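Visitor: Before I ask anything, here is the structure I am working with.
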Amino acid sequence: MDRKQFLEQLAAPAGGKENIGLCDFRSGCLSVTVKDRSVIDLNAIRGLPGVADAELLRSRLRITPDQTIMEELQMAKKEDYGALAKQILSLVGGAENVSNATHCATRLRFNLKDESKADTDAIKGLAGVVGVAQANGQYQVIIGAEVTQVYEKLSGMLGTSSAAAAPAPKGKWYDRVIDTLTGIFTPILPPLTAAGMIKAVLAILVAFKLVSNTSSTYQVINFMGDATFYFLPILLANSAAKKLGCNPYLAMMLGGILIHPSFVNLVAASKESGEAITIFMLPIYNASYSSSVIPIILGVLLMSKVEPWATRISPKAIRFFTAPLLTMFICGIATLCVLGPVGYVVSNALAAVINGLSTLAPWLVPTIVGVFLPFLVMTGTHHALTPIGINNRMTIGFDTIIYPGQLASNVAQGAAALAVSIKTKDPELKQLTSATGITAVCGITEPVLFGVTMKIRTNMIAAMAGGGVGGFFMGLMNTKNYSGGSPGLLTLPSYIGLDTPMANFYYACAGAAIAFVVAFIVSFVLFRDEKKN
């Protein structure tokens, strides 16, 4: 009997497939979330082939398979990434139903042509799937830390179908904006995280006087960490082109135009001499676009409209030459003369507004982010905050509102889960909360959110309380994040500035500690083990 057959026989005595939610194998047991416990027939379940025992908690059915069936079930463990990817692809309607597919730290993110073709209940029941979320035009399958391996197998099955532009999601304009921003920024999170951690390591080496800031070692590590941020327009161009449906290599060329050394030198000379840079008598704004965010996104957005037009009007015999020429000539000039300056001004204006807000009420936004981040992560919209944090660091050198609030929230969620792991007598829940709690305090919260926080109300209360109090403290202290990374204990060094007081780092540590202690105490006091039936 395989895993699918084992679950199919369970459906009837468990109240039907519609009554079964998340299914997961842990510690030799099958844990099933049920919607209506009153329709569960425990005696019938205990009499099923392969079932050694079954017990019903408040909203959870726990089944212990016998030794023979367990050996068979272990063969379908989630480490078989290819099989899992194949099952997920089939259950979302096949490759022909996928317009676009990408992934973030824990989720496969699909743009489906028809979401009604996706079998959500069946996907939730797959070994290796934590849950499913549908928001902002995306169908999100939560995998956890193994999402990269699953995506690698999935992308091979999709071939080139996932490279096409994702259709604009249906719904309100802000849903479409969030979907676009998520699709653009999610693919570049790994290099941003790597760069942030390299800068954090360098800050530690300097702080402990292991490396001098005049040494070649310092210079090399410093430019290694800066590379991602300096060439950010090129990275964003690639992901934006894939999201918006134009040629990613032409888009990267556009990013290269914005940061080309010759252009940088022209801008520097123009500022010094006062003589304007022009092209065909059109003035070019004296701006530096290295590390910028908004200008290249606007440029690629224009390219997504110009490229199809250029392809359409070009004679077929010479289209290979004329379509790229027209696209780059028009988009390059328009970006240098209009879109780049607009994006540059908007970026600085946004930074100025945030600076003003931080001056008037520095505690406000970090507190709000600390309290409500779990709900944003729940729908996958938390990536809409990423460009704000990046823009802050690229324009004013640090971020005081997004990353500190996220740090407090992530640590608080992990602390709430760890409190449950200490207090609960349920061995399965103890293992789940300890494992996901550790992951959360390190910066990845989807496993604990969908596995624990959403199911235990007191944990959500504790996470919101700890995140809010920790975010309030760091906001009040105007705590600055210098290099990003996934907000958690492992990226605390990103609060060390190369030429700034260590007090900022201590404030970040104190804020994380406050979030941890508050959430842990609230969770430990409020949590009660479910009574067994």
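The values are calculated or read from the model by the stated rules, or taken from the named source; none is laboratory data. If you're wondering where the values come from, they're calculated on a predicted model, not measured in any experiment. Here the Cβ is made from the backbone with ideal geometry for all residues, glycine too, and neighbour counts use every protein chain on show. For the accessible areas, the whole protein counts, side chains as well, though only heavy atoms, and no ligand, DNA or RNA atoms are used. Shrake-Rupley method; radii C 1.70, N 1.55, O 1.52, S 1.80 Å.
Visitor: Tell me the label only: which of (i) 4, 16, 24, 25, 17, 9, 4, 1, 0; (ii) 4, 18, 28, 26, 17, 6, 1, 0; (iii) 4, 15, 20, 20, 17, 13, 8, 3, 0 is P(r) over Cα pairs in 10 Å bins from 0, in percent as calculated from this structure?
Guide: (i)
Visitor: How many angstrom separate the Cα center of region 473-509 from the Cα center of region 346-414?
Guide: So the two Cα centres are separated by 13 Å.
Visitor: Now, a different point. How large is the convex hull of the C-alpha atoms of region 278-402 per residue, in Å³?
Guide: Measuring per residue, one finds 122 Å³ for the Cα hull of region 278-402.
Visitor: Also: What list of ³J(HN,Hα) couplings, whole Hz, do you get for region 368-376 from phi and the Karplus terms 6.51, -1.76, 1.60, once you set θ to phi - 60° and write x for glycine and proline?
Guide: Using θ = phi - 60°, the values come out as 4, 4, x, 7, 9, 4, x, 6, 5 Hz.
Visitor: Before rounding to the nearest 500, sum -39500 (n - 2.57) across all DSSP H runs of length at least 4 in the chain and divide by the residue total; then give [θ] at 222 nm in deg cm²/dmol.
Guide: -18000 deg cm²/dmol
Visitor: As a quick test, which of the pairs K124/K423; K124/K153; K243/K455; K243/K305 have an alpha carbon distance above 24 angstrom in this structure?
Guide: Over 24 Å Cα-Cα: K124/K423; K243/K455.
Visitor: Tell me which residues come under 5 Å, amide H to amide H, from V51 once H is placed; ignore anything under 5 positions away on its chain.
Guide: Answer set, sorted by chain and number: D66.
Visitor: Right, something else. Would you mind classifying region 287-337 by shape? Square roots of the alpha carbon gyration tensor eigenvalues, ordered a ≥ b ≥ c; an a/c under 1.5 is rounded, otherwise it is prolate if a/b is larger than b/c and oblate if not.
Guide: prolate
Visitor: Karplus couplings for region 264-278 from phi (6.51 cos²θ - 1.76 cosθ + 1.60, θ = phi - 60°), rounded to Hz, Gly and Pro as x?
Guide: Running phi through 6.51 cos²θ - 1.76 cosθ + 1.60 with θ = phi - 60° gives 4, 5, 4, 5, 4, 5, 5, 5, 6, 8, x, 8, 6, 8, 9 Hz.
Visitor: Net charge near L325, counting Lys/Arg +1 and Asp/Glu -1 over other residues with Cβ under 14 Å of its Cβ?
Guide: 0
Visitor: While we're on this one: Residue by residue through region 83-99, what is 3J(HN,Hα) from phi via Karplus (6.51 cos²θ - 1.76 cosθ + 1.60, θ = phi - 60°)? Round to whole Hz and write x for glycine and proline.
Guide: Each residue of region 83-99 in turn: 5, 5, 4, 5, 5, 5, 4, 5, 6, 8, x, x, 4, 5, 9, 9, 8 Hz.
Visitor: Apply the Kirkwood formula to region 167-297: the hydrodynamic radius equals the inverse of the mean of 1/r over all pairs of different alpha-carbon atoms; give it in Å with one decimal.
Guide: Averaging 1/r across every pair of different Cα atoms and inverting gives 17.2 Å.
Visitor: A further question on this structure: Can you send over the solvent-accessible area of F231, 1.4 Å probe, protein chains only, in Å² to the nearest 10?
Guide: Per-residue accessible area (F231): approximately 100 Å².
Visitor: Once the whole set of protein chains is in place, how much accessible area is left on K113, using a 1.4 Å probe, in Å² to the nearest 10?
Guide: The accessible area of K113 comes to roughly 140 Å².
Visitor: What accessible surface, in Å², does a 1.4 Å probe find on M464, ignoring ligands, DNA and RNA and rounding to the nearest 10?
Guide: 50 Å²
Visitor: Would you work out if region 415-512 is rounded, prolate or oblate? Take a ≥ b ≥ c from the square roots of the eigenvalues of the alpha-carbon gyration tensor; rounded if a/c is under 1.5, else prolate when a/b is larger than b/c, oblate otherwise.
Guide: Judged from the Cα gyration tensor, region 415-512 comes out prolate (a/c at least 1.5, a/b above b/c).
Visitor: Please give the peptides 478-490, 315-327, 84-96, 200-212 ranked by average Cβ packing (other Cβ atoms within 10 Å per residue), highest first, as a rough proxy for protection.
Guide: 478-490, 84-96, 200-212, 315-327
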